[in-house]
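Asks: Let me begin by handing over the structure; questions about it come next.
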C-alpha cells in the first residue's frame, strides 16, 4: 500500500504524462491556498488512483473521459483532454468516432458542441508533432 505522499507523487507523474508538462505546470503555478486541497485531492484520487489502475489502457481511459465530459457538458475539460490526446498521438479519427457514438447516447446537441470544440483543436494541432508517451496505449 502506498502512503498519501507516494500516491501524490505517482499522481503527479501520471497527470504530467497524460496532460503534458506545460498544462500541469500552469495548474501548479495557479494553485492558491484556497485551491491547494482540491489540487492535492485530484492528483491523488484521479491521477494517482484511477488513471494508474491496470484494468483499462490509457487510450481507452482517454476516450471514456472525453465521452463523459461530453455527456456532462464540461467543454473546458473536454477540450483539455482532446488537446492532450492529440498531442500524445491519438488519431483524430478515433476522437471523431467517439463523438459520433456520443451523439446517440449523450444527444446530438452535445455531440455538435463537441465536434466544434474538437475540430478547432484538430486544425490547430494538425502540423504539430505528437509526443507519444510510453504506456499511453497509442
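Since every read-out is calculated from the coordinates, none of them should be taken as a lab result. Nothing here was measured: the structure is a model prediction, and the numbers come from that model. So basically every Cβ, Gly included, is an ideal-geometry build from the backbone, and we count neighbours across all protein chains shown.
Asks: Taking the Cα atoms only, what angle lies between the long axis of helix 108-125 and the longest principal axis of the chain, rounded to 10 degrees?
Replies: Helix 108-125 sits roughly 70 degrees off the main axis of the chain.
Asks: Just the projected area, averaged over all directions, of the convex hull on the alpha carbon atoms of the chain: how many nm²?
Replies: If I average the Cα hull's projected area over directions, I get 8.8 nm².
Asks: When only alpha-carbon atoms are used, what values of Rg and Dmax, in angstrom, describe region 57-132?
Replies: 11.3, 33
Asks: A further question on this structure: Would you calculate, for the chain, the mean residue ellipticity at 222 nm contributed by helices, counting each DSSP H stretch of 4 or more residues as -39,500 (n - 2.57) and dividing by all residues, to the nearest 500?
Replies: -21000 deg cm²/dmol
Asks: Report the label-to-label distance for residue 46 and residue 68 in nanometres (one decimal), using points 7 Å from each Cα along the Cα→Cβ vector.
Replies: In this crude label model, residue 46 to residue 68 measures out at 1.0 nm.
Asks: A further question follows. Which of the peptides 82-92, 108-118 is most tightly packed, and how do the rest follow, going by the mean number of other Cβ atoms within 10 Å of each residue?
Replies: 82-92, 108-118
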